[in-house]
Amino acid sequence: MEFRRARIPGGTYFFTVVAAERRPLLIDNVSRLREAFRSVKYRYPFHIEAIVVLPDHLHAIWRLPDGDADYPLRWSLIKRHFSSGLPAGWRTASRRSKREKGIWQRRYWEHCIRDENDLHRHLDYIHYNPAKHGFVNRVADWPYSSFGKWVEKGVYPEDWGSEVPSTVEGMELE
């Protein structure tokens, strides 16, 4: 089966990437994840507009360089870099034959950001996610998020997310 993905050179994209079987391994290995991002960004530049890392999944918004639409390569390399050195998870015969460790779900959710309103809806979704999942009561208390950078930019007040923001209520991405 072939999946069609929107590929717009220089585009801005929202992603959801999930650990296999939703195993909670990302926070415990967050330095490894940061290094994977750093390594791939050095070789294949992109800008992380926003990100949140939770125990078993992450959400991110990336802006790619002009003329470049190859986010699948970047995700493949990030996943590979993160997985190297980790013990393999439970693997099906298919995963073994493809030399996959079973750390990540094979696929991921991707959405091309259409306009400023779409961007802000996805920023809200990303930043509210730790509170949505019950990890914190205040969005500002989650340390694995770009929320603080957006507070510094003046986009959010520091106490944003103490209550469910209206822009997040109707967004069912998971």
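The values are calculated or read from the model by the stated rules, or taken from the named source; none is laboratory data. Remember, it's a predicted structure, so these values are computed and weren't measured experimentally. All Cβ positions, glycine included, derive from the backbone under ideal geometry; neighbour counts span all protein chains shown. Accessible surface areas use protein heavy atoms only, side chains included; no ligands, DNA or RNA. Shrake-Rupley method; radii C 1.70, N 1.55, O 1.52, S 1.80 Å.
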Practice problem: With a 1.4 Å probe and every protein chain left in place, tell me how much accessible area ILE8 has, in Å² to the nearest 10. | Solution: 80 Å²
Quiz item: Once both labels are modelled 7 Å past Cα along the beta-carbon direction, what's the ARG63-SER31 spacing in nm?
Solution: 3.1 nm
Quiz prompt | LEU73-ASN117 pseudo-label distance in nm [points 7 Å out on the Cα-to-Cβ vector] | solution = 3.5 nm
Quiz item: Could you state the per residue volume, in Å³, of the convex hull enclosing the Cα atoms of the range 1-55?
Solution: 119 Å³
Quiz item: In Å, what Rg and Dmax follow from the Cα atoms of the range 44-87?
Solution: 11.9, 37
Quiz prompt | Residue-normalised accessible area of the range 39-85, given per residue in Å² at a 1.4 Å probe | solution = 40 Å²
Quiz item: Rg to Rh for the range 109-167: what is it, with Cα atoms only and Rh by Kirkwood?
Solution: 0.96
